[in-house]
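Here is the structure we will look at.
Taken together, the values in this text are just the output of simple stated rules run on the coordinates, not laboratory data. All figures in this text were calculated on a predicted structure; none of them were measured in a lab. No Cβ is skipped: glycine too gets one built from the backbone with ideal geometry, and neighbour counts run over all protein chains shown.
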Amino acid sequence: MKGVSLVKHAPTAPGLRLLGMGPRLTPTNALIKLQSFLNENTFWAKGRSKEQICKVLAHSTVVVSLWKDKRLIGFGRATSDLVFRAVLWDIVIASDHQGLGMGKLIIEAILTNKKIKSVERIYLMTSKSSDFYKQLGFQTNNKQSLLILHNNKN
C-alpha cells in the first residue's frame with residue numbers, strides 16, 4: 001500500500017518509548033499517538049497510561065508499528081524467553097485499514113524476527129480474531145486451559 005511504512009523497532013523500542021519516534025526515525029509524538037491508537041481501536045488496552053505503555057514497551061522483545069504517512073495504523077509486540085516460548089500481544093490494526101493485509105504484515109514482521117522464530121512455541125490470546133490467526137497457521141489448542149489470576153492493584 002502506498003505511503004505505508006513498517007517500523008521494526010529496536011528491542012525495548014527506545015526510539016518510540018523515549019523519543020516519540022515514528023517512521024523514518026522522525027519525532028512524531030509516537031508514544032502519544034500509540035496511546036490514542038490503543039484507546040480508539042481496542043477494548044483491552046483502553047485507558048493505559050503513557051507510563052504503563054512505556055513499561056510494556058521496555059519489556060517487549062519485539063515491537064512493530066505500521067504508519068501511513070504520520071498516522072499510526074498498526075501495532076504489535078511480543079515477549080519471549082528466546083528459547084521455548086513467545087507470546088504475541090496487542091496486535092492492532094486501525095478499523096479503517098482492516099482487511100487490507102496490514103495485520104498479516106505485523107504478524108510476519110514479528111514471527112520472522114530472529115528472537116521469535118527460534119522459539120519452540122508461540123502463543124497468542126484473542127477474543128474475536130481467531131479465524132484471522134488460523135489463516136496464518138495458528139491452531140486452536142484444546143489440550144490446554146487458559147487460567148487467569150487477577151492481582152489486586154494497590
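Of note:
- Separation between Cα centres of segment 24-103 and segment 119-154, rounded to whole Å: 18
- Protection proxy ranking, peptides 143-150, 126-133, average beta carbon neighbours within 10 Å, highest first: 126-133, 143-150
- Computed from the Cβ-Cβ distance with R0 of 22 Å, the FRET efficiency linking Arg85 to Ala10 stands at 0.50.
- Efficiency of FRET from Cβ geometry, Gln98 and Leu25, R₀ 35 Å, rounded to 0.05: 0.80
- Packing-based ranking, highest mean first, of 92-101, 10-19 given that Cβ atoms within 10 Å are counted: 10-19, 92-101
- Checking the Cα-Cα distances for Lys33/Lys55; Lys70/Lys115; Lys2/Lys68; Lys33/Lys70 against a 18 Å cut-off, the pairs over it are Lys70/Lys115.
- Legend: ranking of residues Lys114, Lys50, Lys68 from fewest to most surrounding C-beta atoms inside 10 Å; resulting order Lys114, Lys50, Lys68.
- Taking 0.36 nm per residue of separation and subtracting the Cα-Cα distance, full extension of the segment from Trp44 to Phe138 would add 31.7 nm.
- Of Leu82, Leu124, the sequence from fewest to most neighbouring Cβ atoms within 10 angstrom is Leu82, Leu124.
- Qualifying chymotrypsin sites (Phe, Trp or Tyr not before Pro) in segment 42-80, DSSP loop, other Cβ atoms within 10 Å at most 10: Phe43
- Amide proton proximity set for Ile91, modelled H, under 5 Å, gap of 5+: Arg77
- For segment 4-135, the relative contact order comes to 22 percent (Cα pairs under 8 Å, sequence separation of at least 6).
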